[in-house]
Structures are given as structure tokens and as C-alpha cells.
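To start, the structure under review is shown below, and the notes come after it.
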Amino acid sequence: MNALKDITTGDRFDDVYELGERIGQGAHSVVYKCRDIIKGEECAVKVTKRADEETIERIKDYYRVLKSLNHEGIISGKFLYVNEKLSTCHLVL
């Protein structure tokens, strides 16, 4: 599967998902509950802010790995939104 087709640039995350409550935080990102507005599905999103070009490439690589794994004990990546203008990434899980 080509994970690149699931990576988009721009700020379309808000067009598809509704952000919910914060459920976790790490050194570089915050995880929120979110809901797919169209499908009504509940999921999570890992939001990385102030991402430079190198960080964005690492997140894309991380996403590609998540998409390539298929195991019930490992969370999968659904979609990656990259907004280079705002230096943010939204990784939908």
C-alpha cells in the first residue's frame, strides 16, 4: 500500500474532523480525541506543532511505518495532514 496517498498538505483536518478533549501529551505533541464529521467515527489525533522540515519528514516516515503494520496490538495510522505554512502535523490514529 502506498501511504503517500494518505498524506495531504494544507489545513484540511478541520474540514473532516472535530477536535475533542485532550487525552495525552508528550515532549513534541498532544493527543486528542476526535470525530470524523462525515463518517461519525471516533478516533484520536496526534498534533505536532512548530514542526520544522526535518521533523515533518520524520513524522511522515513514522506514519508510513504505522500504515505498513497490520497487527491487532498495534494502533494504525489512518491519515496524516501536514500544514507546512503553520508548521503543524495532524496524525489521525
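The values are calculated or read from the model by the stated rules, or taken from the named source; none is laboratory data. What you see is a predicted model; the values in this text were computed from it and never measured. Quick reminder, even Gly has a Cβ in these numbers, built from the backbone with ideal geometry, and neighbours come from all protein chains shown. Ligands, DNA and RNA are stripped out before the accessible areas are found, and what is left, the full protein with its side chains, is counted by its heavy atoms. Shrake-Rupley method; radii C 1.70, N 1.55, O 1.52, S 1.80 Å.
Contact map, segment 65-82: first residue open to solvent by less than 80 Å² (accessible area, probe 1.4 Å), second residue aliphatic (A, V, I, L, M) and in a loop (DSSP other than H, G, I, E, B), Cβ cut-off under 8 Å, separation 6 or more or different chains; pairs are LEU66/ILE74; LEU66/ILE75; LEU66/LEU93; LYS67/MET1; SER76/LEU69; SER76/LEU93; GLY77/LEU93. The set of residues in segment 54-83 being of a type in the set (Asp, Glu) and modelled with pLDDT under 90 consists of GLU72 alone. Within segment 24-40, the residues that satisfy the criterion of being assigned to a strand (DSSP E or B), in contact (Cβ under 8 Å) with a residue 12 or more places away in the chain and not acidic (Asp, Glu) are SER29, VAL30, VAL31, TYR32, LYS33, CYS34, ARG35.
Here segment 39-64 is the region considered, the condition is being in contact with a strand residue (DSSP E or B) (Cβ under 9 Å, 6 or more places away or on another chain) and open to solvent by 60 Å² or more (accessible area, probe 1.4 Å), and the residue that is nearest to ARG22 (Cα to Cα) is LYS46.
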